[in-house]
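For reference, the structure discussed in these notes is given below.
What follows draws every value from the coordinates through simple rules; no lab data is involved. Please read all numbers here as calculations on a predicted model, not as lab measurements. Quick reminder, even Gly has a Cβ in these numbers, built from the backbone with ideal geometry, and neighbours come from all protein chains shown.
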Amino acid sequence: MKLKLPNWGSLCKPNLLLNSDFRNGIVNQKGKTEYNNTSYSSMMTIDGWFTDYGKVNVYASSVYFNNTGNTEYGFKQPVKFSEGTYTFYLDCAISGSARLLIRNTDNEIVINETLPSTCKKSFTFTDSIKFISIIASAGSAVSFNFMKIEKEEHYTGMPAWDEALELRKCQYRFQTGTVKGTEYTSANQQFIRTINIPTMAKKPSVSYEVNDTYGIDTQSVSAFDKETLIYEFTKNANNGGLRYGMSWEADAYDHD
């Protein structure tokens, strides 16, 4: 008689966090290997992860957060999960001191716990979740291997890394791209181009940086809806050729 073994992979529950299995892959649409935030305001680093101050270094299989400030700052991900039972698992190494802070959708503290220097630990709780943050003391640093939030009471392991799926999940909240080209036209003509993008969570806010303006008076990018951007540019007062180009970022996170 042959015993049928369970499909252990099917017992692994989905990870509700974005972009948090750094050992196997890191979605980093901005493309930087170092993010240095000295603005004292929220800034996205790798996809899904924000800091208010400090330096984030992106390595092949880990992410390193160094609090270069003179008070506590965190490495955090905003989420909106309704009330339920959840397990958060964290695998990281800490130089100095750090704590885990989780708040619910009413901004009340759910977990506020000091972490061990070598942390491979799960935390189970019943509540809603607004964000999770690993907060490092001044001068402290945290090297992250992976994190997971899943439903119910037990940590069931990390699901297999799927780069295409993880990128699409991240693009639901943030995207980046470039536009560039050339035209030959008469003076003062206005041009409008559409940029089709993967559908986002909502109509995004768009920021852009102009990097080519030959023969152009103005150019801009804005959002029409959650899957279309509008690129506009105007020829200057001379007939002839023009060259346009800019990079853009579309942000559909809830910054509240």
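Would you mind checking the pairs Lys55/Lys151; Lys30/Lys169; Lys32/Lys235; Lys169/Lys202; Lys32/Lys148 and listing those with alpha carbons more than 22 angstrom apart? Distance filter (> 22 Å) returns Lys55/Lys151; Lys32/Lys235; Lys32/Lys148. When the helices of the chain are scored as -39500 (n - 2.57) per DSSP H run of n ≥ 4 and the total is divided over every residue, the value at 222 nm lands at -1000 deg cm²/dmol. Computed over the chain with a Gaussian network model linking Cα atoms closer than 10 Å, the most mobile of Thr185, Thr38, Thr87 is Thr185.
Taking Lys and Arg as +1 and Asp and Glu as -1, the other residues whose beta-carbon sits under 9 Å from that of Gln190 total 0. Computed over the chain with a Gaussian network model linking Cα atoms closer than 10 Å, the most mobile of Gly139, Gly48, Gly241 is Gly241. Computed over the chain with a Gaussian network model linking Cα atoms closer than 10 Å, the most mobile of Gly240, Gly74, Gly96 is Gly240.
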